[in-house]
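A quick write-up on the structure given underneath.
The values are calculated or read from the model by the stated rules, or taken from the named source; none is laboratory data. This is a predicted model, so every value here is computed, not measured. No Cβ is skipped: glycine too gets one built from the backbone with ideal geometry, and neighbour counts run over all protein chains shown. Heavy atoms of the whole protein, side chains included, go into the accessibility calculation; ligands, DNA and RNA do not. Shrake-Rupley method; radii C 1.70, N 1.55, O 1.52, S 1.80 Å.
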Amino acid sequence: MPQKFTAELDVVVVGAGFAGMYLIHKLRGLGYSVRAFDTASDVGGTWYWNRYPGARCDVRSLEYSFSFDPELEQSWEWSEKFSTQPEILRYANHIADRYNLRPDIQFNTRIESQIWDDERARWTVTTSNGDVIDAQHVVLAVGTLSAPKLPEIPGIETFKGEWYQTQKFPKEGVNFFGKRVAVIGTGSSAIQCIPEIAKTCEQLTVFQRTPNFSFPAGNRPLGRQEVDATKSDYAGVRQEARESFFGQTGPVATQSALEVSEEERTRKYQEGWNDGQLISILGAYDDLITNKEANDSVADFVRDKIREIVKDPVTAEALCPYNHPVGTKRPCLDTGYYNTFNMPHVRLVDLLKNEIVEITETSIRTTAEEIEFDIIIYATGFDAMTGSIVNIDTHGRDGVSLKEQWKDGPATYLGLMVAGFPNLFTVTGPQSPSVLSNMMVSIEQHVDWIADCIDHLRKQGLRTIEATPQAQNEWVAHTNEVAAETLYPLANSWYMGANVPGKPQVFLPYIGGVGLYREKCDEIVEAGYKGFALSN
Ligand code: FAD
Ligand code: NAP
């Protein structure tokens, strides 16, 4: 029986975060019929969901923003070096209003499945509202850090007090005043919210499984001069970011950490510490992410800082990371994190010594003790990079399931397309620089590339494009080779899929650098979409 469609579109976009919003604007501008879908009730993606206290970006706001419209970047005013979640969400809303995007977004709607019809060369997309959409292309703008993860702790469902996930924090906020609060996790989200929660709660207990490297953000209001300096040459700033390694302007190291004296190194690290940007310290020398001895020098520097700041020596030592090189788990920028442990009502529980056994109706029980709480905050991360993609039931050519095809780890060509899944694009997908970059730069690059590609097909009278298995295999092999030259595989990180039980452990992003990656993508287009099969 022929399928009844509720809509026919050129492009279905899944997600209405920054990637989804820019896709609508760009594709609509080229004359395509496009609709985005999001489970959220409004735009913003990450910045819609992650409303925990202290949430803010850790790439300079002036660069963590869109560059595609010179008038937009000139007229928008950021108030702080690193903007808060409410301010970034206001910016997302401003984008939606300025470009009138909402008429083309369906909120409160989950995309549940997408099935490729080989005969018609089109996708059938079904939503949680019962819509069945016929689309030529599907673009997954589902986010890399958008599938929240609760820990696998026995009894978690029995807790009778209040509990929240940082990744889905309530819009109305949470009142911590006078409450006994537990935070589980010490990644970026926890490190941002712990100092804020400590300000009002009665008692705060932080459950730490792996200590992380964190650097002071040195956040501050933006001065007029600083803003004007960027705005007077925004095009230049953006170009430098696009050509850089991490998608941000900053120092470009040309020297090994081991070539200079210890005094010189310490001086440089102190400069980075004072500057409050991850790239200032990690980019201080060119071998910090490739040479363990070089990396140890910066690790020692941070551990000394922790011992200097945290007064109780046992707590200080427990906060010192030893089991992974700096940068191989996502490092954090904080505002007063280590100092928070000097407050009398704040306590660290070191799970490496005594792990959590269970959560009961009233408490968290470790192998050493049982502590009662009014509120538990789970800051336990995401099924990163692949979670939101494989959560959609996707079947490509010959009915092959994407989840099944990726059971040993994702395989993509450029993090943009997957062999066997024609006309299906991923924004900042696995094996692209993605989470190792200023995401705004990577999102814009991918959206531009995808829109140009779709337009190329139309202009050439072509109907489909897909990655060839050979090009995909070569790209995956290349991404693995590059990762193997770094220290990243040494850590049990979400970059490696290690935080999700049963997830294959492969390095998920591409660490070849944003600038180099962009060049490769452009060269492939210039060579007639080399490695892709195009057909009519
Ligand atoms: P998202 O913002 O994640 O949006 C994806 C949207 O897709 C979500 O709204 C989700 O609901 C929707 N979706 C997913 N699956 C479906 C489905 N099946 N059906 C319907 N809708 C679906 N990056 C930086 O570069 N710098 C930073 O400082 C920085 N800070 C961050 C702070 C936090 C707390 C987090 C979690 C991430 C941070 N990131 C940062 C990464 C951040 O995710 C990106 O910068 C960027 O916001 C991603 O935008 P996006 O549109 O690609 O995805
Ligand atoms: P995360 O980095 O994955 O941290 C999760 C934390 O929870 C880790 O400390 C982890 O410990 C712990 N954990 C998980 N399961 C546990 C369990 N069963 N028992 C005890 N502890 C457990 O997640 P996140 O903090 O949400 O950050 C995710 C990413 O989002 C970041 O890396 C960053 O890219 C982005 N982000 C950025 C900012 C910013 O500053 N702009 C802020 C927030 C998030 P282990 O390490 O031992 O697994």
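Antiparallel DSSP bridges in the chain: what percent, to the nearest 5? It would help to have the intermediate numbers written out before the result.
On the way: 26 of 66 bridges.
Of all bridge pairs located within the chain, approximately 40 percent are antiparallel.
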For q values of 0.07, 0.09, 0.10 Å⁻¹, compute log₁₀ I(q)/I(0) with the Debye formula on a Cα-only model of the chain, without solvent. -0.40, -0.67, -0.83
The answer for residue 394, listing residues at least 5 apart or on another chain whose modeled amide H is closer than 5 Å to its amide H, is 114, 402, 403
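On the protein heavy atoms, probe 1.4 angstrom, tell me the percent of accessible surface of the chain carried by carbon and sulfur. Can you show the working numbers first?
Working: 10670 of 21920 Å².
Within the chain, the accessible surface is 49 percent carbon and sulfur.
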Over region 156-378, what relative contact order in percent results from Cα pairs under 8 Å that are six or more residues apart? 36 percent
Residue span residue 516 to residue 90: 0.36 nm per residue of separation minus Cα-Cα distance leaves a gain in nm of 150.1 nm
Relative contact order of the chain: what whole-number percent is it, with Cα pairs under 8 angstrom and at least 6 residues apart? 19 percent
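For region 457-520, what's the relative contact order in percent, using C-alpha pairs closer than 8 Å and at least 6 residues apart? Walk me through the numbers on the way to the answer.
Working: 38 pairs, mean separation 15.0, N = 64.
Relative contact order here is 23 percent.
At a Förster distance of 51 Å, what's the computed FRET efficiency of residue 264 paired with residue 162, Cβ-Cβ distance as r, to 0.05?
Working: r = 51 Å, r/R0 = 0.99.
Between residue 264 and residue 162 the formula returns 0.50.
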Just how far, in whole angstrom, is region 209-223 from region 169-188 if you go by their alpha carbon centroids? 19 Å
Hey, can you grab everything whose amide H is under 5 Å from the amide H of residue 358? Only 5+ residues off in sequence or another chain; H modelled, so Pro and N-termini drop out. 365
Roughly how far apart, in whole Å, are the Cα centres of region 132-146 and region 451-526? 18 Å
Residues whose placed amide H lies under 5 Å from that of residue 142, excluding near-sequence neighbours: 427
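Work out, step by step, the length gained on full extension between residue 42 and residue 132: first 0.36 nm times the residue separation, then minus their alpha carbon distance; give nm to one decimal. Could you put the intermediate results ahead of the total?
Working: separation 90, 0.36 × 90 = 32.40 nm, distance 2.17 nm.
Once the chain is fully extended between residue 42 and residue 132, it gains 30.2 nm.
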Accessible area per residue, 1.4 Å probe, Å², for the chain: what's the number? 41 Å²
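Provide the three semi-axes, in whole Å and in decreasing order, of the ellipsoid equivalent to region 156-378 as defined by the square roots of 5 times the Cα gyration tensor eigenvalues.
On the way: eigenvalues 250, 99, 45 Å².
The three semi-axes for region 156-378 are 35, 22, 15 Å.
Divide by every residue of the chain the summed helix terms, -39500 (n - 2.57) for each DSSP H run of at least 4, and state the resulting mean residue ellipticity at 222 nm, rounded to the nearest 500 deg cm²/dmol. Walk me through the numbers on the way to the answer.
On the way: 17 runs with 171 residues, N = 536.
Mean residue ellipticity, 222 nm, calculated: -9500 deg cm²/dmol.
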